[in-house]
Amino acid sequence: MNDYILLMHNDATDSVAANDSAAWDIYFAHLQNCGRFEGGSAIGNGLAFRKVGQPGASGEHLSGYLRVRADSLQEAQSFLSGNPVYEAGGTVEVRELPRD
């Protein structure tokens, strides 16, 4: 089983629905019932830094992340169903985390 991170962006077409606390409660309950939820958090604004030269593009639109366990990228993608950001038309990236 692999670890995946779901990166949520604040580009939802319906930002009210994307921030609905009741919808998040339902979604988190679903993930916890699956036994695959490993945590996550909203994230605030920040800055990008680079020692020399201009930094690359920062994740201005990145608003939070979730960590889940899944057998494949396709299974991790199945956890998008019910995600308030995704359901509101926003972007959620699914990335595999490297193993130690």
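Nothing in this text is a laboratory measurement; each read-out follows from the coordinates by a stated rule. Note that the structure is a prediction, hence the values are computed from the model and not measured. Note that each Cβ is placed from the backbone with ideal geometry, even for glycine, and that neighbours are counted across all protein chains shown.
So Asp71 ticks every box in (1) in contact (Cβ under 8 Å) with a residue 40 or more places away in the chain; (2) in contact with a Phe, Trp or Tyr (Cβ under 9 Å, 6 or more places away or on another chain) but one. Which box is left unticked?
Unmet condition: (2).
Which of the residues spanning the stretch 67-100 are part of a strand (DSSP E or B), more than 15 Å from Asn33 (Cα to Cα) and under 9 Å from the mean Cα position of the chain (by Cα)?
At the first step, the residues of the stretch 67-100 found to be part of a strand (DSSP E or B) are 67-70, 92-96.
Checking which are more than 15 Å from Asn33 (Cα to Cα) leaves us with 92-96.
Residues satisfying the conditions are Val92, Glu93, Val94.
So which of Gly53, Gly46 is touching a residue at least 12 places away in the same chain (Cβ under 8 Å), surrounded by fewer than 16 Cβ atoms within 10 Å (Cβ to Cβ) and either touching a Lys or Arg at 6+ places or on another chain (Cβ under 7 Å) or more than 23 Å from Glu96 (Cα to Cα) (or both)? I'd like the intermediate steps shown before the answer.
Values: Gly53 fails: touching a residue at least 12 places away in the same chain (Cβ under 8 Å).
The conditions single out Gly46.
Every residue in the stretch 3-32 that is of a type in the set (Gly, Ala, Ser), under 15 Å from Gly89 (Cα atoms) and part of a helix (DSSP H, G or I), please.
If the condition is that a residue be of a type in the set (Gly, Ala, Ser), under 15 Å from Gly89 (Cα atoms) and part of a helix (DSSP H, G or I), then Ser15, Ala17, Ala18, Ala23 are the ones that fit.
Do the conditions hold for Arg36, that is, is it among the basic types (Lys, Arg) and either at positive phi or touching a residue at least 60 places away in the same chain (Cβ under 8 Å) (or both)? Talk me through it step by step, then tell me what you get.
Values: among the basic types (Lys, Arg): yes; either at positive phi or touching a residue at least 60 places away in the same chain (Cβ under 8 Å) (or both): no.
No, not satisfied.
For the stretch 1-27, how many residues meet the condition of being of a type in the set (A, V, I, L, M), under 19 Å from Ala76 (Cα atoms) and under 13 Å from the mean Cα position of the chain (by Cα)?
Of the residues in the stretch 1-27, the ones of a type in the set (A, V, I, L, M) are 1, 5-8, 12, 16-18, 22-23, 26.
Now restrict to residues that are under 19 Å from Ala76 (Cα atoms): 1, 5-8, 26.
Okay, now just the ones that are also under 13 Å from the mean Cα position of the chain (by Cα), so 5-8.
The qualifying residues number 4.
If I go through the stretch 68-100 residue by residue, how many of them are within 20 Å of Ser21 (Cβ to Cβ) and surrounded by 13 or more Cβ atoms within 10 Å (Cβ to Cβ)? I'd like the intermediate steps shown before the answer.
Quick first cut of the stretch 68-100, residues within 20 Å of Ser21 (Cβ to Cβ) only: 79-90, 92.
From what's left, surrounded by 13 or more Cβ atoms within 10 Å (Cβ to Cβ): 79-80, 82-90, 92.
Looking only at that region, the number is 12.
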